[in-house]
Protein chains: 2
Amino acid sequence: MNHDEAPDRGGFTRRALLGTAGAGLLAGAGAGVAGAVALDRGPGGTPAAAPGGALGAARVAFHGEHQAGILDPQQARVQLAAFDLAEGAGRDGLRALLKRWTGAAERLTAGEPAEEFENQVALDAGPCSLTLTVGFGAALFDKAGLADRRPAALEPLPAFPADALDPARGDGDLFVQIGADDALVAVHALRVLQRLAAGTAALRWQTAGFARTPGATARPVTGRNLMGQIDGTNNPKPTEDGFAAKVFCAAGGDQPAWLAGGSYLVYRRIRMLLDSWEALPVDRQERVIGRRKADGAPLSAPPGAAEHTPVDLAAQGPDGALAIPADAHVRVAAPAANGGAAMLRRGFSYHDGLLPDGAPDAGLLFLAFQTDPRKGFTPVQRKLSRGDGLSRFLRHEAGGLYAVPPGVPAGGYLGQQLLEG
Amino acid sequence: MNHDEAPDRGGFTRRALLGTAGAGLLAGAGAGVAGAVALDRGPGGTPAAAPGGALGAARVAFHGEHQAGILDPQQARVQLAAFDLAEGAGRDGLRALLKRWTGAAERLTAGEPAEEFENQVALDAGPCSLTLTVGFGAALFDKAGLADRRPAALEPLPAFPADALDPARGDGDLFVQIGADDALVAVHALRVLQRLAAGTAALRWQTAGFARTPGATARPVTGRNLMGQIDGTNNPKPTEDGFAAKVFCAAGGDQPAWLAGGSYLVYRRIRMLLDSWEALPVDRQERVIGRRKADGAPLSAPPGAAEHTPVDLAAQGPDGALAIPADAHVRVAAPAANGGAAMLRRGFSYHDGLLPDGAPDAGLLFLAFQTDPRKGFTPVQRKLSRGDGLSRFLRHEAGGLYAVPPGVPAGGYLGQQLLEG
């Protein structure tokens, strides 16, 4: 935990601060929060009581033990992108780039202009809870002369049945996740990073997604995806025993020391076959998922149960059949069915127009942070790709795996532990 | 004006209401606003003081003299789409469809589920200021046996120099503009309309855009586009003399009676060449536009001027040159230079990933409501396409022209005046 973080009622952190106390407030990791007002945001990304007009001024500290954008509530808008390092940029080019990005992230997340550019599309707004999160793809290590520091866990993911991944829309050397509660702020931050990368790294792919706008729901709720399903109920909570060990790396075994406090991020662009899905009656949709659509309560639970009622995989209906069908998503994905594998999912919806066949190009930008993909995403996805009834309605179209370095202390820069350790 | 509308300080209407007073409140056009709380939103779409957590509950009345989504502040998110009428649907099919859409619009804008579909992706949120606005393309009239009622002003727009319009992403028989402050609410409304159209009309194209999230800016401001320019300063204000005559049709001349209280909408998907634009120094960008970037003040104005300082096209600098260059956008687009032509613009930004050449597929979803495109968009665009310095940075890639029928009284339906008049 950072000094400026404290658990809120939802179990997540209060990293979001109102920016009225001045940009210098969080320059030191130990500066504390005197004079700043914490926004009380739950895991659904919705302020419990957003001060009027404060959405723009809300800021998330850039400095900390972990990068921002992992534990923080999801913002209304996200930009995901990856850059490829230019030939010849090497380790020095990479370091200079990461220093430039760090400087820009410090300024933009504090609501200050990025000094290099007067071209401020976001002049009127504050930081709008802007976070920038950076990850390293496997190919970066060779290109930057860091092959001996490539984590073993960054080995390519296996090919899963029915995967049809477009490499042009996935992978990449340097991944960025940019979240903000205002779309223009997020676009602007991406453009700044892109210009700062010019000559050193070129944009390989970019896509945008969304979650709920703060205040759209009356109380913090787990997000709902484009299928209409509540999604993320089983996410590990920071208040749980062993939470950090599920999300953040520690040195030891074959995990490199430079990644301590970091994480692995699995990205998947998962198109949803919405026309087919919406043609199913709701009770059939619920049996595919294993939860009730309206409130997310497990089908194993009695009336009156709610989203967080524990799932009882053994429960039977009056007819003796399993209450949660054998191929229901919650059964196949349950940690208990996957050796306890857990990931912190932070997915966003996307909706990018019509495909040539008239179907919506829409679905889930799946993002999952985890300690080790070999024990997290890979075993779970192996199982889902074979036995999950939901997979008939999904198409994995692109993806990536990235090592997410730890957070940046004041005076440091992104990836410093990798480049100098 | 509706009974439930009153001008606010920004000059626009207070049509947005908090939904706490129950869904029946606005069922009658004369029901008034007793018990409801008006959101004070200016033309920039930003509540001056959004009550905490009220974004979801904010609603915009569906019924009224004019359709919603014209005078109302722009929402954070928009879905634009057009449908083509199926062969054989005819006038009866069109009427039945418009009645179904009306019923869904009444329910969804009040935050109620669309009865036909339990598949509620937006269950947790209120209406989030949802508006649905419908327009009719020229081709609809022949297909529905209404050729004798097609407005003369709906004749195809002329081809302008440098136009490169993709018909697959423009035109269409039935246009819809769906605005909401939450992306999921807007997507859901589109899916409901699409399902209600099944068998009668098929989606031809769809795209999504964004404006500022309410609360992102500290005060109501004119919107800023992806170039970073303040955009919309010269929009006519409802408080101006003759405002209605610039935006809404009246019967007479060659304007049909059924369109009284309606409007014409010109849509253009205008890609911005952001890489080229951002490579220009800010002072050169300002000379292309004719306004200062930071605050939107005209270049003709002295220091201390602001966005709404009147433009002085004759002003000269110390060197005797025009303060606002001959090809500056504000000069070429000025109503004074176009026979007083005026349009109510309500454009949104879009940002849809990368094009094959690596440039961002991003720009402006231009939307302009006007009394007669022959006296509004056409003369202005003819001039801009030849003399506007900004046009070097723009590409018109798709477009449409639609007759927007008047608003719906309680008990009526969209297009009733056309179909029954």
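Of note:
- Annotation: amide H-H contacts under 5 Å for residue A:295 (H modelled 1.01 Å from N, sequence separation of 5 or more, or interchain): none.
- Amide H within-cut-off set for residue A:59, under 5 Å, with H built and near neighbours excluded: A:17, A:18, A:19, A:129
- Residues whose amide H comes within less than 5 Å of that of residue A:354, counting only those at least five positions distant or on another chain, are A:361, B:206 (H built at 1.01 Å from N in the peptide plane).
- Pairwise centroid distance, computed over Cα atoms, of segment B:267-345 with segment B:79-105, Å: 41 Å
- Unsatisfied cross-links (Cα-Cα over 26 Å) in the set A:246/A:293; A:143/A:383; B:237/B:293: A:246/A:293; A:143/A:383
- Our coupling estimate for segment A:294-304, obtained by passing each phi through the Karplus curve with A = 6.51, B = -1.76, C = 1.60 and θ = phi - 60°, is 5, 10, x, 5, x, 5, 6, 8, x, x, x Hz, Gly and Pro reported as x.
- Cα shape, segment A:296-343, gyration tensor, a/c 1.5 rule: oblate
- In this calculation the C-beta distance from residue A:295 to residue B:202 is compared with R0 = 22 Å, giving a FRET efficiency of 0.05.
- Residue ranges A:100-110, B:411-421 sort as A:100-110, B:411-421 when ordered by packing (mean number of other C-beta atoms within 10 Å per residue, highest first).
- The charge dipole of segment B:117-249, taken about its Cα centre with unit charges on the Cβ atoms of Lys, Arg (+1), Asp and Glu (-1) only, comes to about 120 debye.
- Highest mean packing first, where packing is the average number of other Cβ atoms within 10 Å per residue, the peptides B:329-340, A:183-194 line up as A:183-194, B:329-340.
- Using θ = phi - 60° in the Karplus curve 6.51 cos²θ - 1.76 cosθ + 1.60, the 3J(HN,Hα) couplings for segment A:179-192 round to x, 7, 7, 10, 5, 5, 4, 5, 4, 4, 4, 4, 5, 5 Hz; x is entered for Gly and Pro.
- HN-Hα J in Hz across segment B:89-105 - Karplus 6.51, -1.76, 1.60, θ = phi - 60°, x for Gly and Pro: 5, x, 5, 5, x, 5, 4, 4, 5, 5, 5, 5, 4, 4, x, 5, 5
- Whether segment A:102-259 is rounded, prolate or oblate, judged on the alpha carbon gyration tensor where a/c under 1.5 counts as rounded: oblate
- Look at the stretch A:290-298: the mean tally of other chain Cβ atoms within 10 Å of its residues' Cβ atoms is 1.
- Sorted by Cβ neighbour density within 10 Å, fewest at the top, the residues B:128, B:249: B:249, B:128
- Residue-averaged beta-carbon neighbours from other chains (10 angstrom radius) around B:193-206: 2
- Neighbouring partner chain Cβ atoms per residue of B:224-231, average, 10 Å criterion: 4
- Here residue A:375 is the anchor, and the aspartates and glutamates within straight C-alpha reach of less than 15 Å, apart from those fewer than 8 places off in the same chain, are A:155, A:254.
Any read-out appearing in this document is the output of simple, stated calculations on the displayed coordinates, not a laboratory observation. This one's a predicted model, so the numbers in the text were calculated from it and none came from an experiment. Every residue, glycine as well, gets a Cβ built from its backbone with ideal geometry; the counts of neighbours run over all protein chains shown.
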